[in-house]
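Rule-based calculations on the coordinates, nothing more; no lab input. Small disclaimer: the values here were computed from a predicted structure and weren't measured. Cβ placement follows ideal geometry from the backbone for every residue including glycine, while neighbour counts extend to all protein chains displayed.
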Amino acid sequence: MAATIEARGLSKRYGATTAVDDLSFTVAAGKVTGFVGPNGAGKSTTMRMFLGLDAPDAGTALIGGLPYRSLRAPLTQVGALLDAGAIHAGRRARHHLLWMAQYNGISRQRVDEVLGIVGLSSVADRRAGGFSLGMRQRLGIAGALLGDPPVLIFDEPVNGLDPEGIQWIRGFLRSLAADGRTVLVSSHLMSELQGTADHLIVIGRGRLICDRSVQELLTAASSDRVLLRTDRVPDVMTTLANAGATVTLVDREALTVAGLPSERIIAVLTDNGLPFSELTQHRASLEEAYMELTRGSVEYAARPDEVG
Ligand code: ADP
């Protein structure tokens, strides 16, 4: 079922605005890939091009190696959640899905299946107009899953949801990736993807800024620093500094130590008979890691307030 999402030299202009600027990346199967950038960065435009809703000015947008318009049965190739508000308010949830299914040659049984998957079976005969945003999101996701596609694209799926809804979507994205599907999910907030995304594609003003695994990003930002607790702070500081470390005081009984691997820190302290109660790797947040990586990127730093 594995299929990739691929942008090759993708560009799109609207009048004087370059929304997407020579963007190239590949989204792999079996992972959740976060697509991050401040509002206006070009995420929705890129996603619309993958879904054949906008034509690129240059380059190609491919699903499983083909442009959307060349896909035989698109719903079985790619599912998307772009705008949950787009569902007809007067239509009952099941009817909305039946209508989509019928139009695409998908069975009624699959409609009941996807209602179950997203947890809407008990409200399937209620009108979408009376649904909360979270329920409308679930209905949108049910529609995206109708054709059991290997590729899924979600544009800001947690925007405006309550914590419970956010948690549900996160778990759901993880389960889709665990199934081996290719999952691309956009957000204007880095923090929203912590714990959900395996890989990040970051764009700013239509251009690619970063295309790396979350693990790599976090390791790069965390590996160099450890947190050390001891009741002998002054002695430990002096000893580790003499051994070549950069030591920073955190509080009366804690320090961070950079520039020496953990094993070496332990050896130096033990050799000097200095006790410590805790030595842990400093864990950078995704946001910290990203900031570290892109420090000096004028393109992005120009609008730091929009990146959470
Ligand atoms: P994001 O999804 O990252 O918030 P968008 O893709 O929506 O960014 O927008 C990228 C840029 O393209 C913005 O400057 C936006 O104003 C512009 N844009 C997007 N769609 C249109 C459109 N249909 N007409 C004109 N400008 C557009």
Item to complete: Sort the stretch 93-156 into rounded, prolate or oblate with this rule: let a ≥ b ≥ c be the square roots of the eigenvalues of the Cα gyration tensor; rounded if a/c is under 1.5, and if a/c is not under 1.5, prolate when a/b is larger than b/c, oblate otherwise.
Response: oblate
Item to complete: For VAL32, enumerate residues with amide H under 5 Å from its amide H, sequence gap 5+ or separate chain, H modeled in the peptide plane.
Response: ASP198, HIS199
Worksheet item: For the residue pair ARG108 and GLU278, what label-to-label distance in nm results when each label sits 7 Å from Cα along the Cα-to-beta-carbon direction?
Response: 6.0
Discussion item. Testing the spin-label approximation: label points 7 Å from Cα along Cα→Cβ at ASP231 and ASP22. State their distance in nm.
Written reply: 6.2
Worksheet item: With the contact rule set at Cα under 8 Å and sequence spacing of 6 or more, what percent relative contact order holds for the chain?
Response: 22
Worksheet entry | Residue-averaged [θ]222 nm for the chain, counting only DSSP H segments that reach four residues, each worth -39500 (n - 2.57) | -10000 deg cm²/dmol
Response to the item:
Here the stretch 158-175 yields Karplus 3J(HN,Hα) values (6.51, -1.76, 1.60; θ = phi - 60°; whole Hz; Gly and Pro given as x) of 9, 3, x, 7, 7, x, 5, x, 4, 4, 4, 4, 4, x, 5, 4, 4, 5
Practice prompt. Would you mind classifying the chain by shape? Square roots of the alpha carbon gyration tensor eigenvalues, ordered a ≥ b ≥ c; an a/c under 1.5 is rounded, otherwise it is prolate if a/b is larger than b/c and oblate if not.
Written response: prolate
Worksheet entry | Euclidean distance of C-alpha centroids, the stretch 216-289 and the stretch 59-100, integer Å | 51
